[in-house]
Amino acid sequence: MKLCLESVYPFITEDKINAMAANAAECNELLENGKGKGNDFLGWVNLPSQVSSELVEDIKATAAKLQSLCEVVVVIGIGGSYLGAKAVNDALSNSFDLLKKDRKAPVVLYAGQNIGEDYLSELLETLEDKSFGLINISKSGTTTEPAIAFRLLKKALEDKVGKEGAKERIVAVTDASRGALRTLADQEGYKTFIIPDNVGGRFSVLTPVGLLPIAVAGFDIATLLRGAADMEKATGTDTAFENNLSAKYAAARNALYRSGKKIEILVNYHPKLHYFGEWWKQLYGESEGKDGKGIFPAAVDFSTDLHSMGQWIQEGERTIFETVISVEKPSRSLAIPTDAADLDGLNFLAGKGIDEVNKMAELGTRLAHVDGGVPNMKVSIEKVDEYNLGQMIYFFERACGISGYMLEVNPFDQPGVEAYKKNMFALLEKPGYEEATKAIKARI
Ligand code: PA5
């Protein structure tokens, strides 16, 4: 993986970014020595190098069992209990996977990430004639969205295969001892995996939260972890600032923020990476957006969104910078054909690979955006595979920890997420919320 800051230097000089090296190193050190804010949630820092082979084998065996029993596996979870698995599975899957007949792994669907009545009804209807299993993921075990989805899906599964059959097809990923999901899983005898206490949701993709759904979809979790472990080593405190990609990225984005660039747009040029952007948005949004501070993380899919957001990015308020995920090699090759009539005038492209055109769109966009006042960072990976995704996941996690500390916030809590829940429960008249219900009813 490489990080290129060349197109940032017209806006913030290399010297200015290098001047933040000492601060970035101090903040990186806090992640290792556990003396910073939120230090009870640092379990992710050395996770890739410490995951035991027994756990990996247990996850693989559980995935194989679900694969043998199910055409469809529904992963139930929200936020950090959903986005990492979805990001990796989408990135590695054939884009038209759902229509493929010669599947080697079950179709993986997702629920509990919304409260859409239509979504859940349509899912239940779709599952009526399918053999299916469930992976229910919730660290707290009490989150409303996945709990509602699990109620519905558990009932549908028990109605189809009976309680014993359902027990074979349900796996819970939750806290070791606390929460409603732990109690239920123990009562029902489900296979369970533990989310370590010291790993928060948005940093949990390399625990069973992400690893189990990724293994079920047929991908190589050992290689994903190896990529992450290599990046863990490369971004540690032993690596000097000039070679430490996470420290450099954290320093550059903080320098840009201090210069008035309040919005960061994560750009991809491959539709398969759409959910990688969603995962990244949660990672940075929940980690940094607090105490009245924080870069607003947005994500776009280019060139698709150049035809919707391109105008704003080129000429709107100059408060943005962009970070581009650049993939050096596509996994497939496809050339543009010659057309005898050439009515679209594209014969000059005949014989060129589609990716060559995509790369010129990428380069042309970078130059145009820099001309338009948008600083641009580039994160390059060789290809979209397990190893490179593992590297990128850890790179962004480590940089997020460093960056949050540079911003002087606690990057590992999310107190603001509770506000909507409190209001929703008050509005739904949850027992114990009587006072809040009275207060909120007076406002509406
Ligand atoms: O990052 C976080 O902590 C959150 O996004 C949680 O992952 C999300 O709210 C889901 O929580 P839980 O796993 O407890 O159901």
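The values are calculated or read from the model by the stated rules, or taken from the named source; none is laboratory data. None of the values given here were measured: they were computed from a predicted structure. Quick reminder, even Gly has a Cβ in these numbers, built from the backbone with ideal geometry, and neighbours come from all protein chains shown. Accessible surface is based on the protein model in full, side chains and every heavy atom, while ligands, DNA and RNA are left aside. Shrake-Rupley method; radii C 1.70, N 1.55, O 1.52, S 1.80 Å.
Modelled spin-label separation between His307 and Ala176, with each label point placed 7 Å from Cα along the Cα-to-Cβ direction: 5.3 nm. List the aspartates and glutamates whose Cα lies under 12 Å from the Cα of Lys293, skipping any in the same chain that are fewer than 8 positions away. Those aspartates and glutamates meeting the cut-off are Glu408.
Accessible surface computed residue by residue for the chain, with neighbouring protein chains in place and a 1.4 Å probe, gives 46 Å² per residue.
Pairs spanning more than 24 Å between alpha-carbon atoms, out of Lys261/Lys421; Lys35/Lys422; Lys65/Lys100; Lys35/Lys191; Lys60/Lys378: Lys261/Lys421; Lys35/Lys422; Lys35/Lys191; Lys60/Lys378. What the phi angles of the range 162-177 give under the Karplus curve with 6.51, -1.76 and 1.60, with θ = phi - 60°, is a coupling list of x, 4, 5, x, 5, 4, 5, 10, 10, 10, 10, 10, 7, 4, 5, 9 Hz, glycine and proline written as x. Among the trypsin sites (Lys or Arg not before Pro) found in the range 381-444, those both in a DSSP coil and sparsely packed, with 12 or fewer other Cβ atoms within 10 Å of their Cβ, are Lys383. Between Asp97 and Ile444, the modelled labels are 3.7 nm apart [label points 7 Å from Cα along Cα→Cβ]. For the chain, a Gaussian network of Cα nodes joined below 10 Å ranks Pro330, Pro146, Pro271 by mean-square fluctuation, and the top entry is Pro330.
Entry note, the range 296-369: relative contact order of 30 percent, from Cα contacts under 8 Å with a spacing of 6+ residues.
For Glu382 and Thr142, FRET efficiency with R0 = 25 Å and r from the beta-carbon atoms, rounded to 0.05? Efficiency, rounded to the nearest 0.05: 0.05. Put simply, the amide H of Ala299, placed in the peptide plane, has neighbours under 5 Å in Leu266, leaving out anything fewer than 5 places away on its chain. Counted residue by residue at 0.36 nm each, then reduced by the alpha carbon distance between them, the extension gain from Thr126 to Glu188 reaches 19.8 nm.
Using a cutoff of 8 angstrom between alpha carbon atoms and counting only pairs six or more residues apart, the relative contact order for the chain works out to 24 percent.
Report the gain in length on full extension from Lys155 to Leu346: 0.36 nm times residue separation, minus Cα-Cα distance, nm rounded to one decimal.
Result for the pair: 63.2 nm of gain on full extension.
In a DSSP loop and with at most 14 other Cβ atoms within 10 Å, the GluC sites (Glu not before Pro) in the range 385-415 are Glu408.
Please tell me which of these pairs span more than 30 angstrom C-alpha to C-alpha: Lys290/Lys430; Lys167/Lys233; Lys101/Lys155; Lys37/Lys281?
Working: Lys290/Lys430 28 Å; Lys167/Lys233 40 Å; Lys101/Lys155 28 Å; Lys37/Lys281 21 Å.
Beyond 30 Å: Lys167/Lys233.
The trypsin sites (Lys or Arg not before Pro) of the range 1-90 that DSSP puts in a loop, and whose beta carbon has at most 16 other beta carbons within 10 Å, are Lys35, Lys37.
Couplings for the range 249-258, taken from phi via the Karplus curve 6.51 cos²θ - 1.76 cosθ + 1.60 with θ = phi - 60°, read 4, 4, 5, 5, 5, 5, 5, 5, 4, 5 Hz in order; Gly and Pro are left as x. Look at where the Cα atoms of the range 128-166 and of the range 10-49 average out, and the two centres are 40 Å apart.
Per-residue ellipticity at 222 nm, computed for the chain from helices alone with -39500 (n - 2.57) per DSSP H run of at least four residues, works out to -15000 deg cm²/dmol. Counting protein heavy atoms only, the range 352-403 has 57 percent of its accessible area on carbon and sulfur, 1.4 angstrom probe. Taking a ≥ b ≥ c as the square roots of the eigenvalues of the Cα gyration tensor, the range 47-219 is rounded, since a/c falls below 1.5. Applied to the range 73-90, the Karplus parametrisation 6.51 cos²θ - 1.76 cosθ + 1.60 on θ = phi - 60° returns per-residue 3J(HN,Hα) values of 10, 9, 8, 9, x, 9, x, x, 8, 8, 5, x, 5, 4, 4, 6, 5, 5 Hz, with x for Gly and Pro.
Under 5 Å between amide hydrogens, built in the peptide plane, is the criterion, and for Val324 it picks out Val267, Met377, Lys378, Val379 among residues at least 5 positions away or on other chains.
Compute the relative contact order of the range 319-442 as a whole-number percentage, counting only Cα pairs closer than 8 Å that sit 6 or more residues apart in sequence. Normalised by residue count, the contact order of the range 319-442 is 26 percent. Build a GNM of the chain with springs between Cα atoms under 10 Å apart, and of Glu288, Glu328, Glu362 the one that fluctuates most is Glu328. For Arg226, the accessible surface of its heavy atoms amounts to roughly 130 Å² (probe 1.4 Å, protein chains only, rounded to the nearest 10).
Atom-type composition of the exposed protein surface of the range 47-219 places 52 percent of the accessible area on carbon and sulfur (1.4 angstrom probe). Between amide H atoms placed 1.01 Å from N, distances below 5 Å from Gln113 occur with Gly77, all of them 5 or more places distant or on a separate chain.
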